[in-house]
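Visitor: This is the structure I want to talk about, given as structure tokens.
The values are calculated or read from the model by the stated rules, or taken from the named source; none is laboratory data. Here the structure is a predicted model, which means the values were calculated and not measured. A quick note on method: Cβ atoms are made from the backbone with ideal geometry, for glycine too, and the neighbour counts reach across all protein chains shown.
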Amino acid sequence: MRSERGKNELARYEQIALDIARRITNNEFKEGEKLRGRSVLAGRYHVSPETIRRAISILQNKGIVETVSGIGTIVKRRGAAKKFVETFEYKNNLFDMLNDLAKLQEERKIIDRRIDQLMEELGNYISDMVNSLQEAEEITIKKGSPLIGENLASLDLRTKTGATVAAVWRDGEQIMSPDAQFTFKEGDILLVVGNKEAKRLVKEMVN
């Protein structure tokens, strides 16, 4: 008998054999009791007599029922029926667990790939950040600087110098990525990122 996932995926005659075995286990059919004829069972399960014959054949092979000439099919051993049902359920549960495990392994592969991708992106980001910090320089706006009262939009600092004001320290507070309308004041400390020439041009504008 196949250990398929779920009773509904069994062949119809296997489903019927399992159902009869469960009924025997539950004492709906008692040991020594005659099962109904094939035609009656066929009508009950809405299948052909041949399907019932195949179901009974499974039960005979498991020692659950026996066919006696002139009498019919007799329930032989309730214990064998119980073992048959339990074995099916064990196999079914095992299949379920293996199926769930396979799905989880596939999900883990996807998660592992995503982790690897994020780790690579994080490494690149940190590398870029370190490189940027290595090229950064602090420039202080002193009294009389032409930048006082001006904002980034009016100065067009990036276009004119190629440098970026990554942050500004003002009164002990760090202002990250100041926007275009940010207005400079005396004492502001600019964190300027750019190459050597770009930073030189910013210093000229500040002073």
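Visitor: Among the listed residues R38, R54, which satisfies the condition of being surrounded by 15 or more Cβ atoms within 10 Å (Cβ to Cβ) and over 16 Å from A11 (Cβ atoms)? Talk me through it step by step, then tell me what you get.
Guide: Numbers: R54 fails: over 16 Å from A11 (Cβ atoms).
Going through R38, R54 in turn, just one is surrounded by 15 or more Cβ atoms within 10 Å (Cβ to Cβ) and over 16 Å from A11 (Cβ atoms): R38.
Visitor: Any idea how many residues of the stretch 28-51 are touching a residue at least 12 places away in the same chain (Cβ under 8 Å), part of a loop (DSSP other than H, G, I, E, B) and under 24 Å from K82 (Cα atoms)?
Guide: 7
Visitor: For the stretch 54-91, which residues satisfy the criterion of being farther than 18 Å from N26 by Cβ and either part of a helix (DSSP H, G or I) or within 44 Å of the chain's Cα centre (by Cα) (or both)?
Guide: Answer for the stretch 54-91, where residues must be farther than 18 Å from N26 by Cβ and either part of a helix (DSSP H, G or I) or within 44 Å of the chain's Cα centre (by Cα) (or both): R54, I56, S57, I58, Q60, N61, Y90, K91.
Visitor: Please pick out the residue among D188, D128 that is more than 30 Å from A21 (Cβ to Cβ) and either among the small types (G, A, S) or loosely packed, with under 13 Cβ neighbours inside 10 Å (or both).
Guide: It is D128.
Visitor: Which residues, taken from the stretch 165-177, are touching a strand residue (DSSP E or B) at 6+ places or on another chain (Cβ under 9 Å) and surrounded by fewer than 19 Cβ atoms within 10 Å (Cβ to Cβ)?
Guide: A166, A167, W169, R170, Q174, I175, M176, S177
Visitor: When you scan the stretch 91-104, do you find a residue that is assigned by TED's automatic domain parsing to the domain that holds I16, of a type in the set (D, E, K, R) and loosely packed, with under 11 Cβ neighbours inside 10 Å, even just one?
Guide: At the first step, the residues of the stretch 91-104 found to be assigned by TED's automatic domain parsing to the domain that holds I16 are 91-104.
Then keep just the ones that are of a type in the set (D, E, K, R); that gives 91, 96, 100, 103.
Filter once more, so that each one left must be loosely packed, with under 11 Cβ neighbours inside 10 Å: 100, 103.
Yes, the stretch 91-104 contains at least one residue that is assigned by TED's automatic domain parsing to the domain that holds I16, of a type in the set (D, E, K, R) and loosely packed, with under 11 Cβ neighbours inside 10 Å.
Visitor: Still on this model: Mind checking whether some residue in the stretch 145-160 is more than 19 Å from G194 (Cβ to Cβ) and among the hydroxyl-bearing types (S, T, Y)?
Guide: Yes - at least one qualifying residue is present in the stretch 145-160.
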